[in-house]
Amino acid sequence: MPISQILLATVSGGGSPPPPPPPLPTLPTLTATGGSLYFDPANQDQLLDTSLSTDYQIGLGDYTVEWWQWMLDTSGAFPRVFSMGTYPNAFFGLSLENAVLLWANSSVVLSASYTKEDLYNTWTHFAVTRSSGTTRVFLNGAEIGTNTSVYDVQSLTSFAIGNESQRSLGASFGGYIKDFRLVKGAAVYTSTFTPPMSSLTVTAETKVLLSVNSDVAKHTDATGTHTFDPVGATYADVGPYDLALYVDAGNVLSINPNVSLATWNDLSSANNDLTLTNVSWSNLDGGRIVFQDGMGTMGYAVSPSTIASSQYNKTPRSSVSFWAVVTNTGGYQHIAGMRGGNKFYVLNYGDGSIFECRVETNNGYWDNYPQIGARLNTMTHYAFVVNGTRSDFYINGVLASTAEGITGPFMGTLGAFTIAQAANGFQAENLEMGELRYYNRARSPKEILAEFTATRTRYGV
């Protein structure tokens with residue numbers, strides 16, 4: 001049973017609906033620092049401390065619980081970020097359901113309104129505090145709920161992160177969590193604030209601080225007091241300070257043209273540089289790579305083939321986006337994607353009148369694919385997202401075409417990631433490309449629009 005079904009009439013305002021949340025503040029862009037823990041919802045991953053420590057007896061006093069998260073849309077129906085115990089006998093915890101639900105001693109003590117879909121596939125900061133009897137929930141530094149319910153957390157039980165103490169699929173949190181902190185005796189936040197954009201430090205009241213910076217068998221919090229056993233949870237080299245476009249969860253290729261014509265440097269943390277052959281460089285828009293059929297030998301860019309299976313092969317969810325201008329069409333010409341026999345993920349322009357995004361299955365047949373009318377001689381931002389059986393084609397940050405019904409396994413045996421060349425001989429003629437990014441996850445419409453908005457000035461769009 002979801003905790004929402006036992007919501008008590010203790011919400012401020014005598015049970016009246018809470019006011020709409022204020023707009024979220026704009027977060028600064030900083031360089032990536034450290035890593036996080038990845039929780040696979042299908043495996044019911046969790047971190048678990050069974051020490052039964054009195055550090056977890058919050059009592060009636062002030063406290064703070066905060067963390068950064070990247071939540072997947074495949075999480076359970078009632079995902080628990082943390083829980084002391086298991087429903088219906090949980091003593092303290094938080095669940096992300098139809099509302100942000102904070103519970104204590106088996107009863108919901110605060111329900112905060114939010115839009116759950118806004119949490120998917122993006123870094124989000126949460127904080128729960130109690131100060132002089134007033135409990136508050138903050139999302140990205142903005143208060144979204146408050147209550148003055150009295151609750152006394154005294155019982156001792158195991159402390160779980162990413163699920164309940166007794167694991168279940170319904171309670172599985174899916175995604176990444178970093179910098180989980182429990183402070184006993186102090187409310188760190190009591191009003192709107194800017195979320196911390198660097199690793200937290202231990203204070204006198206800190207009881208748990210999980211600042212994950214390495215892949216280890218056990219995760220000892222920064223206080224040196226508690227040890228959390230990963231039950232399936234694994235280390236991931238991504239973190240919440242990766243808010244720049246070049247470093248992001250699942251981002252394994254991010255290239256931006258520079259004057260060097262030998263290597264196209266990958267600016268993501270994966271360091272998958274591309275080798276360039278028979279290309280030229282243009283200083284337009286701060287730099288473009290030019291693939292032109294002028295001397296009979298087409299130019300192309302290619303990544304090391306050894307990284308394809310381990311980093312690119314994350315289907316059936318993946319994304320590619322880039323800025324490009326096409327000055328000529330004809331034939332099915334490969335722009336960007338995988339190569340390797342008949343199994344590659346490809347964006348191409350077709351017979352001169354259409355642009356299309358295609359996914360080829362292992363059985364060698366093309367499935368349904370989105371198309372738009374050809375755009376020639378115009379610098380344009382393109383994005384292609386594969387999400388299960390659906391594929392979406394975005395133009396300048398807006399969904400332009402979609403297709404359903406991708407069937408069967410695909411992306412089996414892969415070669416390298418290539419630009420302007422495919423294994424079957426299709427190449428791009430007269431293509432100029434700016435920055436390109438590849439993600440081994442399905443990016444959200446919000447992310448695609450944000451990338452276009454952040455980069456359009458450079459290309460005069």
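Is there a residue in segment 377-388 that is among the hydroxyl-bearing types (Ser, Thr, Tyr), at pLDDT below 80 and surrounded by fewer than 17 Cβ atoms within 10 Å (Cβ to Cβ)?
No, the conditions are met nowhere in segment 377-388.
Looking at segment 389-415, which of the residues that are of a type in the set (Val, Ile, Thr) and modelled with pLDDT of 90 or more is surrounded by the most Cβ atoms within 10 Å (Cβ to Cβ)? Break it down stepwise before answering.
The initial filter retains those residues of segment 389-415 that are of a type in the set (Val, Ile, Thr), namely 389, 395, 398, 402, 406-407, 413.
Next, from what is left, pick out any that are modelled with pLDDT of 90 or more: 395, 398.
Details: Ile395: 17, Val398: 12.
Residue satisfying both the conditions and the ranking: Ile395.
Step by step: first the residues of segment 128-186, then only those that are among the basic types (Lys, Arg) and more than 18 Å from Asp221 (Cβ to Cβ), then the one that is surrounded by the most Cβ atoms within 10 Å (Cβ to Cβ). Which residue is that?
The qualifying residue surrounded by the most Cβ atoms within 10 Å (Cβ to Cβ) is Arg130.
Give me the residue from segment 61-118 that is among the charged types (D, E, K, R) and either closer than 16 Å to Asn163 by Cβ or touching a strand residue (DSSP E or B) at 6+ places or on another chain (Cβ under 6 Å) (or both) and, out of that set, surrounded by the fewest Cβ atoms within 10 Å (Cβ to Cβ).
Result: Asp73.
Yes or no, residue by residue, for (1) at pLDDT below 50; (2) in contact with an Asp or Glu (Cβ under 8 Å, 6 or more places away or on another chain); (3) closer than 26 Å to Asp221 by Cβ; (4) outside the structural domain of Gly141 (by TED's automatic domain parsing):
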position: Pro23; (1), (2), (3), (4): yes, no, no, no
position: Pro41; (1), (2), (3), (4): no, no, yes, no
position: Leu60; (1), (2), (3), (4): no, yes, yes, no
position: Trp68; (1), (2), (3), (4): no, yes, yes, no
position: Ala90; (1), (2), (3), (4): no, yes, yes, no
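Confirm whether Glu143 is under 22 Å from Tyr56 (Cα atoms) and either touching a strand residue (DSSP E or B) at 6+ places or on another chain (Cβ under 7 Å) or not assigned by TED's automatic domain parsing to the domain that holds Tyr63 (or both).
no
The values are calculated or read from the model by the stated rules, or taken from the named source; none is laboratory data. No experiment lies behind these values; they were computed from the predicted model shown. Cβ coordinates were reconstructed from backbone atoms using ideal geometry, including for glycine residues, and neighbour counts include every protein chain displayed.
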